[in-house]
Structures are given as C-alpha cells and as structure tokens.
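The values are calculated or read from the model by the stated rules, or taken from the named source; none is laboratory data. All figures in this text were calculated on a predicted structure; none of them were measured in a lab. Cβ coordinates were reconstructed from backbone atoms using ideal geometry, including for glycine residues, and neighbour counts include every protein chain displayed. To get the accessible areas, we keep the full protein, side chains included, count just its heavy atoms, and leave off ligands, DNA and RNA. Shrake-Rupley method; radii C 1.70, N 1.55, O 1.52, S 1.80 Å.
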Amino acid sequence: MTQPAPFAEIWRGTFLESVHSGHAVVCDEKGQIVHAWGNPEAVILPRSSAKMIQALPLVRSGAADAMGLGPQHLALACASHQAASLHTGIIGKWLDTMGLGDSDFRCGSAVPGDMDARDALIRADEKPCQIHHECSGKHAGFLTLNKHLGGDADYEKPDHPVQKACLEAFEGVTDLTSFGYGIDGCSVPNFATTLHGMARAMAHFAAAPDGSAEARLHQAMRLHPELVAGETRACTDLMRAMNGKVAIKTGAEGFFIAILPEQKLGVALKASCGTVRASNCAIASILVKLGALDPNHPEALKYRNAPIENRRGIITGSIKPAATFA
C-alpha cells in the first residue's frame, strides 16, 4: 500500500465529518518492519522528532561529559520545550557555564508556549529572547559540541562541523544516505529519509546497550518527560502515562516517534495533513496496539477518544482512532 492509511476520525454527532490519514512504521531491533500503515518508503522530514539523533554527536564526542552535562541537560537537548521557567532556568545556567549568552544562539526568538512565562514577559514589558525558542535546549547542545570542536560561531550552517556530525549520525542510525535537507524552523538543516529509515533509527535507539549515547539520551527523556515538552503536551502526558518506560517525541507537520526499550521497537509516523491532533491520536493508538499504553488511561483517552466541545462547553463530537489501528 502506497497511499496514506486512515489515522483518525472526526465525528460531529452521528456524522463522520473528517478523516485524517498518514503513514506509520514499527521496526524491530534488526530494522525489520513489524507493522506498517500507508507507505513505509515515503520520503519525509522528521523535523523535531530527530532531535535525539542530532544530540548523538554531543554525547559521542565527549563534549557532554567534558561540560558535566547530566540527564536534565540531555533531555533538553532532545526537547521542544514550552519555555517555562523550569526549562529556561536550566538552559540559562548551561550557557553561563560555557561563558556564552543568548546572542550566541542561532535559533531565533519565540514567544514562550508556557502561559505563565509568556504573561511574565508581558508584565515586565520585555520581549522574548532566543532562549524562549522551543529548540533552545537543542541549540545549547550544539553550542556545547561547537565549543568542544572549536568551530566558528555559525554552527547552524549545513557545512559547519556540528551539522556535518549530525548528518553522519543521522545516516548512520537510519542506515540510509539522506535525500537532502530542508531548513528547520530553528534554522538548522533537517535531513530527509524514509519513514522506514526513521523507524529503524528509533529501533536502533531502543536496542542500544546501557551506557551508549543512544541509551543515555532516551533514558534522559524517559526520566524527565516534563523537560522534553511541558504541561498539556502529548509528549509529556503520554510518557508519564507509560511510567517512563517509553520515550516519545513529536515533530512539526504531524510527525511523531517512539522508542520502546523493553520491546526493542521503534516507531515513526507522519500525518499527511500535518495536524497535531492526527499525529497525537496515531501515536497513542500505536502505543496501545503495542501494549505500551493502557487504552483506558485518562491521558490515552484524551488523545484517542477525546470529546470535542464548542465554545459553550457543549460536546459536539469526538476524535477517534481509525479502524486501521484495531
């Protein structure tokens, strides 16, 4: 099957109003496909779902240990955070330790996703900084690696040693030559691969031995789900619901990955429509199918069988997983 498979259904009363579709792959530790929906060989940009791969050179090079980085820092290096004080506080101290500041980032400024942090800036009549960008943890990792390598300031350029190291890591774990790259929202290259390649990479992470860079990164994510995203976000909610046994990470335009160490499985999916509600429903449904997530857990129900309310609080319908995932 090469066409997208149904992911999620939107019901309004008794009417099926919309259907979200996409592609998804589950791989085992040998890189073999265990389950597939849609086209496993679809060429994709994994966006922020690739952050743990982009963090591999940080750990493998020895830069993380040289800087004394712990699990919280590694979790933030893989994060798309809300810029709550919890996130920016750690990243700010991390920069201070390196003798660097906000101007050394190359991610751009962004309004915090955390409402308390956003409101605090408004009350103080201050503008958002680059540290408030959801990718500033990843960029702090890039700055750490760059300091270790002695590269020039423009670490975001595709031909910079930092990004060359990311490409080498990416092609290594996907076991494919990248098809090229697009420039991500935070200004760094985002390398293209197939959905199968991305699922294979996540299975590689899942099967990696304790002490490896891969294991250290997914363990940090599982230990600190609140740092990987933040309150009200699917990544944090669902990792908590699975009691830290699985690492998951969303990416822009409807992407999601999962790393299941106990089963040595990797998951990658892409909602064709690029919507968050489609990818959230799909990842929760696949995790339920794999036995990693209790279908009756409140967080699972929030993303798989969630009521849709109008502005008066009247339930008008629901979002449900497509029969594809039964």
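Given +1 at the Cβ of Lys and Arg, -1 at the Cβ of Asp and Glu and no other charges, the dipole of segment 175-260 around its Cα centre is 180 debye to the nearest 20.
Find the centroid of the Cα atoms in segment 261-285 and in segment 124-189, then give the distance between the two in whole Å. A separation of 24 Å, based on Cα centres.
Relative to the longest principal axis of the Cα atoms of the chain, the long axis of helix 213-223 makes an angle of roughly 60 degrees.
Here's the list of aspartates and glutamates a cross-link from residue 51 could span, going by alpha-carbon distance under 18 Å and ignoring same-chain residues fewer than 8 apart: 134, 156, 168, 171, 175, 184, 214, 226, 253. Only Lys, Arg, Asp and Glu carry charge here, each on its Cβ (+1 for the first two, -1 for the last two); on that basis the chain has a dipole of about 680 debye about its Cα centre.
Seen against the Cα atoms of the chain and their longest principal axis, helix 161-174 is set at about 30 degrees. Counting only alpha carbon atoms, the long axis of helix 195-207 and the longest principal axis of the chain meet at about 70°.
Peptides 164-176, 228-240, 106-118, 246-258 ordered by packing proxy, namely the average of other Cβ atoms within 10 Å per residue, highest first: 246-258, 228-240, 164-176, 106-118. Measuring nothing but protein heavy atoms, the accessible surface of the chain at 1.4 Å probe radius is 51 percent carbon and sulfur. Descending by average beta-carbon neighbour count within 10 Å, the peptides 302-315, 39-52 line up as 39-52, 302-315, the highest first. Solvent-accessible surface of the chain, averaged per residue with a 1.4 angstrom probe and all protein chains in place: 42 square angstrom. Remark on residue 44: its backbone amide H falls under 5 Å from those of 193, 194, 195, a criterion applied only to residues 5 or more positions apart or on other chains, H modelled at 1.01 Å from N.
Between the listed residues 266, 305, 52, the Cα displaced farthest toward the positive end of the dipole of the chain, a dipole computed from Cβ unit charges relative to the Cα centre, is found at 305.
Is there a pair in 157/320; 93/127; 157/302; 157/264 whose C-alpha atoms are over 31 Å apart, and which pairs would that be? Walk me through the numbers before you get to the answer.
Values: 157/320 42 Å; 93/127 20 Å; 157/302 40 Å; 157/264 34 Å.
Cα-Cα > 31 Å for 157/320; 157/302; 157/264; rest within.
Quick one: dipole size for segment 176-326, taken about the Cα centre, charges +1 on Lys/Arg Cβ and -1 on Asp/Glu Cβ, in debye to the nearest 20.
Values: 16 positive and 11 negative charges, 69 e Å.
Dipole of segment 176-326, to the nearest 20 debye: 340 debye.
One Cα centroid belongs to segment 296-326, the other to segment 29-86; the line between them spans 29 Å.
The H on the amide N of residue 255, modeled in the peptide plane, is under 5 Å from the matching H of 271, each at least 5 residues off or on a different chain.
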